[in-house]
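This report concerns only the one structure given below.
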Amino acid sequence: MKEIKSLEEVNLAVEKFYRDNRQGDNWMLNYHFETPFGLINDPNGLSYFNGEYHLFFQWNPYTCEHKYKHWGLVKTKNFIDYTMPKVVLAPTDWYDKNGCYSGSALEVNGKLELMYTGNVKDAKGNRESYQVRAICDEHGNITKVGPVVADIPKGYTAHFRDPKVFENNGKYYFVIGAQTDELKGRALLYSSEDFNTWSLKGEIETDYKDFGFMWECPGLINMDNKYIFIFSPQGLKAEEFTNQNIYQSGYLIGNLDYDTLKFTHNEFKELDMGFDFYAPQSFRDDKGRNIMIGWMGLPEEEELHPTSEYDRTQCLTMARELSIKDEVLYQRPLEEYKNLRQELLIDIEGVDVSTWVSNNIEENSYELLLDLNKRDASQVELRFAIGNDENVTLKYDFEKSIIILDRTNMKLGGKGIRKLKLHEEENFKIRMFMDKSAFEIYLNDGREVMSSRIYPQHGSVGIELLSKGGDIRIDKMKIWSLMGVRYNE
């Protein structure tokens, strides 16, 4: 990577990597998206356009630092076969010279309208922010149009970024993250008739007046006659069961009045209770599914990821379909991921156990389905990535309805625990996707999700199930080995 000097060389190096079928290190991901080199973070411009899913993303192709932000792009029709990632937007103009920051996309009249934040800093580090329009035509050619919002509204700082475009009743809008002069996080709404001239409608009014110092990556989804407002607040106070990461991502469910901009809503709920999740973005596909992808990482924690030794860092989550049940946003992996399944390694039904140990897992790339009944047990513990005196544990206390995810015993990467209160139920369901150095755990049909990076040593692949206080019943346990996705021209 260090010898790459131009964008042409970036794209050629990516092609060479995949064409040569290079075998990566033990942590190179199998089906989560990452690039062969550089740093990636926020998903951008997620959309279904011209018969393909377009997944844009933040990418510094030169170093593993949060600098030189470009937009990369991969496309797929099935979330199994992908085009090779390539750079499609670069910080080459006066209005984005210090980075093509996050943004979004919307299909309009047969073209994909892109909107992103151009970041500009002067010699003293003072920031300017421009909201920039670009257009992707039906052939995939992207042309920058330039800034369409050049001024920051009075009363707000230059932390003004991440426009998320959408359409409502024949009119175009974008919601954007902002910070007041009093250093409070907010979201503003703009409108347009033609995507070129935008006017500020005002600040979206929520019940959260003092809720962090910045709201990043906001978005509004209209689903089941409700609005879901997704955003990533920075600066929330950590508590035992909430706000345990450096920054959060979560949502409000309610109704938006477009005239008054009053958003009536329920309480803020985090989207993912694991160690690594931030800046999610959602879109609707041709099947009517609301799909969300997040960055499986967090700002200011690059030192926790040892893949920088191999000149790459960070990845994206799997694509998740969203639905609402009982005023809670449920998340489940897209059905397409079932096509990754290969050999059925474990198949158990209706067995009472106090201890179960795997003997058929050879590598950390698998899907686990586990439905449990508590029987006489007071606790159950799932251990995985076992070996070399290390492991990760997921513990559920049936009596207190508390989940604890613990990676303290891992020798490399980040450590610590994460806790959550689970909705009380007699049965306990786990669906886990393990992928070399990333895992996603979906609890009770996706009511809660925990996504994290871990960096197990070679051979740390074991799985165990332990109970305390009595036996548990395995109503169902299935484990499949999973193949990797493919990158082609």
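Condition check ((1) at pLDDT 95 or above; (2) buried (at least 24 other Cβ atoms within 10 Å of the Cβ)) across all residues:
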{"position": "P36", "(1), (2)": "no, no"}
{"position": "F56", "(1), (2)": "yes, yes"}
{"position": "H66", "(1), (2)": "no, no"}
{"position": "T76", "(1), (2)": "yes, no"}
{"position": "E113", "(1), (2)": "yes, no"}
{"position": "G118", "(1), (2)": "yes, yes"}
{"position": "K124", "(1), (2)": "no, no"}
{"position": "R127", "(1), (2)": "no, no"}
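Taken as a whole, segment 352-369 holds no residue that is under 30 Å from Y227 (Cα atoms), among the charged types (D, E, K, R) and not assigned by TED's automatic domain parsing to the domain that holds F79. Among the residues of segment 153-172, which ones are surrounded by fewer than 23 Cβ atoms within 10 Å (Cβ to Cβ), in contact (Cβ under 8 Å) with a residue 40 or more places away in the chain and in a strand (DSSP E or B)? Correct list: F166, E167, N168, Y172. In the condition set (1) crowded, with 22+ Cβ neighbours inside 10 Å; (2) assigned by TED's automatic domain parsing to the domain that holds I474, S378 is compliant with all but (1).
Here is the figure for segment 192-211: residues that are within 18 Å of N255 (Cα to Cα) and assigned to a strand (DSSP E or B) total 4.
Candidates are the residues of segment 78-95 that are in contact with a Leu (Cβ under 8 Å, 6 or more places away or on another chain) and part of a loop (DSSP other than H, G, I, E, B); the one that is surrounded by the fewest Cβ atoms within 10 Å (Cβ to Cβ) is I80.
Over 29 Å from the mean Cα position of the chain (by Cα) and either modelled with pLDDT under 95 or outside the structural domain of K468 (by TED's automatic domain parsing) (or both), is that true of V328? Here the answer is no, as V328 does not meet what is asked.
For segment 41-65, a residue qualifies if it is small (G, A, S) and in a strand (DSSP E or B), and the qualifying residues are G45, S47. Considering segment 10-25 alone, what residues qualify as being loosely packed, with under 15 Cβ neighbours inside 10 Å and closer than 26 Å to Y278 by Cα? Once the filter is applied, which keeps residues that are loosely packed, with under 15 Cβ neighbours inside 10 Å and closer than 26 Å to Y278 by Cα, segment 10-25 yields only D25. Counting only strands (runs of 3 or more DSSP E) that sit completely within segment 403-468, those holding 1 or more residues that are out of contact with any Gly (no Cβ under 6 Å at 6 or more places or on another chain) and among the small types (G, A, S) correspond to 438-443, 462-468. Looking across segment 227-269, just one residue is basic (K, R) and within 18 Å of the chain's Cα centre (by Cα), and that is K269. The set of residues in segment 436-489 being within 30 Å of P36 (Cβ to Cβ), more than 23 Å from the chain's Cα centre (by Cα) and not small (G, A, S) consists of Q457, H458, V461, I463, I479, W480, N488, E489.
Filtered by the rule that a residue be more than 18 Å from N50 (Cβ to Cβ), of a type in the set (S, T, N, Q) and part of a loop (DSSP other than H, G, I, E, B), segment 108-133 gives a lone residue, N126. Just checking, which of M296, M273, M292 is at pLDDT 95 or above, farther than 26 Å from L106 by Cβ and buried (at least 18 other Cβ atoms within 10 Å of the Cβ)? Within the list M296, M273, M292, the selection yields M273.
The conditions of being over 28 Å from F17 (Cα atoms) and more than 19 Å from the chain's Cα centre (by Cα) are not met by D311. From the list Y251, Y278, Y258, exactly one residue is in contact with a strand residue (DSSP E or B) (Cβ under 9 Å, 6 or more places away or on another chain), within 26 Å of Y48 (Cβ to Cβ), surrounded by fewer than 15 Cβ atoms within 10 Å (Cβ to Cβ) and in contact (Cβ under 8 Å) with a residue 40 or more places away in the chain. Which is it? Result of the check over Y251, Y278, Y258: Y258. Restricted to segment 324-365, the set of strands (runs of 3 or more DSSP E) holding at least 1 residues that are in contact with an Asp or Glu (Cβ under 8 Å, 6 or more places away or on another chain), hydrophobic (A, V, I, L, M, F, W, C) and surrounded by 11 or more Cβ atoms within 10 Å (Cβ to Cβ) comprises 341-353, 355-357.
Among the conditions (1) under 23 Å from G416 (Cα atoms); (2) buried (at least 21 other Cβ atoms within 10 Å of the Cβ); (3) touching an Asp or Glu at 6+ places or on another chain (Cβ under 9 Å), M432 misses just one, which is (2). Residues of segment 479-489 that are of a type outside the set (G, A, S), farther than 21 Å from K16 by Cα and either in contact with a His (Cβ under 9 Å, 6 or more places away or on another chain) or surrounded by 17 or more Cβ atoms within 10 Å (Cβ to Cβ) (or both): I479, W480, L482.
For segment 135-152, filtered to residues that are assigned to a loop (DSSP other than H, G, I, E, B) and either without any contact (Cβ under 8 Å) to a residue 12 or more places away in the chain or out of contact with any Gly (no Cβ under 9 Å at 6 or more places or on another chain) (or both), the residue that is surrounded by the most Cβ atoms within 10 Å (Cβ to Cβ) is I152.
The values are calculated or read from the model by the stated rules, or taken from the named source; none is laboratory data. Keep in mind the model is a prediction, meaning the values are calculated, not measured. With ideal geometry, Cβ positions are generated from the backbone for all residues, glycine too; neighbour counts draw on all protein chains shown.
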